[in-house]
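Single-structure report; data block below.
The values are calculated or read from the model by the stated rules, or taken from the named source; none is laboratory data. Computed from a predicted structure; not experimentally measured. Heads up, the Cβs are rebuilt from the backbone with ideal geometry, glycines too, and the neighbour counts pull from every protein chain shown. Ligands, DNA and RNA are excluded from the accessible area calculation, which covers all protein heavy atoms including side chains. Shrake-Rupley method; radii C 1.70, N 1.55, O 1.52, S 1.80 Å.
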Amino acid sequence: MLIAVAHGSRDPRSAAAVRQLVAALPGARPAFLDLSEPLLADVLADVGQGEAVVVPLLLGSAYHALVDIPEMVDSATARSPGLSVRVTDVIGTDPRVADAALARLAQAGARPGDGRLGAVLAGAGSSHAAAN
């Protein structure tokens, strides 16, 4: 099973966008680290036995990617010895992320280059200096 894990937000549109993205991937499940549901720990508990791949939908490899996710995975596999979990790298700053964002803006009717459009794709930063 593929589990796409995002940070989570108080804004319900964020979770809705993640769910829409994950719905395009057959058999995949969305999960969140905080502020939205279902939480990653709960999704891993639901998997129970078998194999799962966790894909962090994060721009930076900071505390959530380096500490939170590994701790949740370790806890889940300790509770369910028949569960095998592999965690991929974060999506990071791959140029395809910006390409996908521009393509989505175009689908929504934005016309890059018309002089009226401004778009920013940003992360909140981290207390982990190397991640910034």
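Select, from 93, 88, the only residue that is touching a strand residue (DSSP E or B) at 6+ places or on another chain (Cβ under 6 Å), open to solvent by 30 Å² or more (accessible area, probe 1.4 Å) and under 23 Å from residue 127 (Cα atoms).
88
Evaluate the range 67-79: report whether one residue or more is at pLDDT below 90, under 18 Å from the mean Cα position of the chain (by Cα) and open to solvent by 50 Å² or more (accessible area, probe 1.4 Å).
Taking every residue of the range 67-79 in turn, none turns out to be at pLDDT below 90, under 18 Å from the mean Cα position of the chain (by Cα) and open to solvent by 50 Å² or more (accessible area, probe 1.4 Å).
Quick one: in the range 38-56, of everything that is in a loop (DSSP other than H, G, I, E, B) and open to solvent by less than 80 Å² (accessible area, probe 1.4 Å), which residue is nearest to residue 96 (Cα to Cα)?
38
List, please: which pairs have Cβ atoms under 7 Å, are six or more places apart or on different chains, and start with a residue in the range 12-30 that is under 14 Å from residue 40 (Cβ atoms) and end with one that is at pLDDT 95 or above and aromatic (Phe, Trp, Tyr)?
Between residues of the range 12-30 that are under 14 Å from residue 40 (Cβ atoms) and residues that are at pLDDT 95 or above and aromatic (Phe, Trp, Tyr), the close pairs are 15/32.
Check 104, 86, 111 and return the single one that is out of contact with any Cys (no Cβ under 8 Å at 6 or more places or on another chain), over 11 Å from residue 5 (Cα atoms) and assigned to a helix (DSSP H, G or I).
After applying the criteria, what remains is 104.
Return the residue satisfying two criteria in turn: it lies in the range 4-37 and is modelled with pLDDT of 95 or more, assigned to a loop (DSSP other than H, G, I, E, B) and open to solvent by less than 40 Å² (accessible area, probe 1.4 Å), and of such residues it is nearest to residue 82 (Cα to Cα).
28
Just wondering, is there one or more residues in the range 57-64 that are surrounded by fewer than 12 Cβ atoms within 10 Å (Cβ to Cβ) and in a helix (DSSP H, G or I)?
Within the range 57-64 (the criterion being surrounded by fewer than 12 Cβ atoms within 10 Å (Cβ to Cβ) and in a helix (DSSP H, G or I)), the answer is no, since none of the residues qualifies.
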